[in-house]
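Notes follow once the structure below has been shown.
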Amino acid sequence: MDRPVDRRTVTKGAGALAGFAAARALLQQTALAADDSTPTGASEQSLYDRLGGIFAIAAVVDRFSDAIIVNPKLNQNPALKAWNQTEAPTRLPGLKFMRTIWIAALAGGPFTYTGLPLHDAHQRFHLTPEEFDEVGAEIVRALDYYHVPAREKQQLVDAYMLTKSEVATAPQ
C-alpha cells in the first residue's frame with residue numbers, strides 16, 4: 001500500500017542535503033584554491049586523506065564528543081544536560097559513529113552520511129548560536145590536541161559554520 005508523502009519530511013531532507021552539499025563544495029573549492037605546492041597537472045589529496053582518514057577523524061570526534069558532555073557552558077542548557085545524564089551512556093557511542101561518518105563524507109572520504117538531517121537531530125535541544133559556537137570551540141580544541149594543520153582545521157571549521165542555521169534554533 002502506498003503511503004502519502006509528508007512534504008515537510010521531504011523538504012527537511014532536501015534542506016539537509018543542500019547544506020551538506022554546500023559544505024562539501026566549500027571544502028572542495030578551498031582545497032583546489034589553497035595549495036600552490038601541488039605540481040601542475042597533479043591532483044591534491046582530499047581533505048579526508050590529508051586529515052589521515054577514518055581513524056584520525058574518529059579520534060578527533062571521540063575527543064570532542066567526550067568534551068561536549070562535560071562542558072560546563074553547554075550543560076547550562078537543560079535539554080543538553082538531561083541528554084548528557086540520561087541518554088549519553090547508551091547513545092553516545094552511536095552518535096560518535098554518525099559524527100565520524102558525517103565528517104568523513106564531508107571531507108571527501110568514501111562514505112555516505114545517512115543520519116538524521118541536522119535540524120531534526122538537534123531541534124529538541126533548542127541550541128543558541130553561543131552554544132553552537134562552544135561546540136565549535138570543542139572541535140577546535142580536539143583538532144589542536146591532534147596537531148591538525150591550520151589549513152585543514154580552517155576547512156573543517158568553515159564547513160561546520162555552514163550548518164549553524166540548521167542546528168542553532170534558539171535565540172541568543
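Bear in mind that the values in this text are calculations on the coordinates, not laboratory data. None of the values given here were measured: they were computed from a predicted structure. Using ideal geometry, Cβ is built from the backbone for each residue, glycine included, and neighbour counts are taken over all protein chains shown.
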Point-to-point label distance, residue 120-residue 164, nm (Cα→Cβ direction, 7 Å offset)
2.6
Report the label-to-label distance for residue 79 and residue 59 in nanometres (one decimal), using points 7 Å from each Cα along the Cα→Cβ vector.
3.4
Given a Förster radius of 25 Å and the C-beta distance between residue 151 and residue 70 as r, what FRET efficiency does 1/(1 + (r/R0)^6) yield to the nearest 0.05?
0.25
Taking a point 7 angstrom from the Cα of residue 43 along the C-beta vector, which residues in the range 110-124 have backbone N less than 20 Å away?
110-113
For the range 61-125, what value does the Rg/Rh ratio take when both radii are computed over Cα atoms and Rh is the Kirkwood radius, given to two decimals?
0.99
